1. Conditions: (1) in contact with a strand residue (DSSP E or B) (Cβ under 8 Å, 6 or more places away or on another chain); (2) buried (at least 16 other Cβ atoms within 10 Å of the Cβ). Residue 213 meets all but one. Number of the miss?
2. Going by the structure shown, is residue 78 crowded, with 17+ Cβ neighbours inside 10 Å, among the hydroxyl-bearing types (Ser, Thr, Tyr) and farther than 27 Å from residue 309 by Cα?
3. Any idea which of 203, 231, 195 is within 30 Å of residue 72 (Cα to Cα) and among the polar types (S, T, N, Q)?
4. From the list 272, 262, 230, 226, exactly one residue is among the small types (Gly, Ala, Ser), over 16 Å from residue 81 (Cα atoms) and assigned to a strand (DSSP E or B). Which is it?
5. Which of the residues belonging to region 141-159 are at pLDDT 95 or above, of a type outside the set (Val, Ile, Thr) and more than 25 Å from the chain's Cα centre (by Cα)?
6. Hey, residue 238 hits all of (1) under 21 Å from residue 97 (Cα atoms); (2) assigned to a strand (DSSP E or B) but one; which does it fall short on?
7. So, residue 112, is that one closer than 16 Å to residue 213 by Cβ and out of contact with any strand residue (DSSP E or B) (no Cβ under 9 Å at 6 or more places or on another chain) or not?
8. For region 297-320, state whether one or more residues are over 23 Å from residue 33 (Cβ atoms), among the hydroxyl-bearing types (Ser, Thr, Tyr) and assigned to a strand (DSSP E or B).
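The values are calculated or read from the model by the stated rules, or taken from the named source; none is laboratory data. In this text the structure is predicted, and so the values were computed from the model without any measurement. With ideal geometry, Cβ positions are generated from the backbone for all residues, glycine too; neighbour counts draw on all protein chains shown.
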Amino acid sequence: MRFSNIMLGAVLGCVACTGGADKDSGSLDDSSGSSDLGQYPSTLSPGATISLSRCTEGVSEADIDKAVAIVFDMEQSYHEMIGCGGMVVILASAVIDVITSLVDDPKGGLPDGFTQDGAGTYTASPGGGTSMEMRFVYGDDYEVGAAGEPVQYNLFKLSNYLVNPRVDFDYESGKLLIRYDEVGPLVELLGFGANPDRPIRINLDNLGRITSEIEKLGVASTVIVADTQANSDVSYHIASGEETVQRLVSGKPLSFELVTTAAVHHSLPQDADVVVWNVEYADHAMNGEVEFVVVGGAFEYQGGFVYRESTWPDITLTCAD
């Protein structure tokens, strides 16, 4: 359970007086989407806006279905970004949990699903051909490292802050006392300097200091997806710039920049080229747009995904310019 500063304050005051399912393709829902074709493609998600009659004259329904299936596969695969964005936020929140545990029940350890290489890189493999790497950088200048330098010590190991921390309460002064044997290399991230008092005394007036420095940390991530869908192979490599822990845990957007991407049909000489990528994650949803051109197959066309603070995009398909 995560303790916010407000919850910790309540504890002190009282003593002193803890991604989604695939979207189905199918027939058009009468209440959404439109198509200028005689038959709505069975391989697309319901609700798409389709204007393909100009470039599909004489093309059979079966060939149209086959040609647009790559769009459904891309939509499914890009949905992974929601789970990946959520995992970045989970890791950022978990490092605050480690720090706040010092005033309740000192404990450490990575959240489930993550590993650490001993040099500052945290990895996760959520499945579906997806792999992630995340790194933290210092948000200010400290003895252990300057602002912008990578944090190579394990942020989830309590002894990197304080060795053998114990919590006590001074009923006379109304303060929590954090006793310890010696300081660790990351002790400055507790907000009490490189040589904190022994014991460290926590009260309602200085409570915010215990997370103020850890919230300055920057978090950067890379995501690589190699996804085999029903009709196509979809792959992409995206990266997020450094966002502070504070912004991530408060729900601010996390932008994903495109490094590389590819989508190739299994049985057609067809692939999709992304020409616009402007998407961000926030609060279990995506916002922004992706535009692409599909070449090869029975006809060529272009399309777009528009995310409106949603888990699935609005889809538009038109004939190629």
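1. (1)
2. So residue 78 fails the test.
3. Sole residue among the options that is within 30 Å of residue 72 (Cα to Cα) and among the polar types (S, T, N, Q): 231.
4. Just a single option satisfies the conditions, and that option is 272.
5. If the condition is that a residue be at pLDDT 95 or above, of a type outside the set (Val, Ile, Thr) and more than 25 Å from the chain's Cα centre (by Cα), then 141, 142, 143, 145, 146 are the ones that fit.
6. Residue 238 satisfies all of (1) under 21 Å from residue 97 (Cα atoms); (2) assigned to a strand (DSSP E or B) except (1).
7. Criteria not met by residue 112.
8. Our first condition is that a residue be over 23 Å from residue 33 (Cβ atoms); within region 297-320, this holds for none.
No, the conditions are met nowhere in region 297-320.
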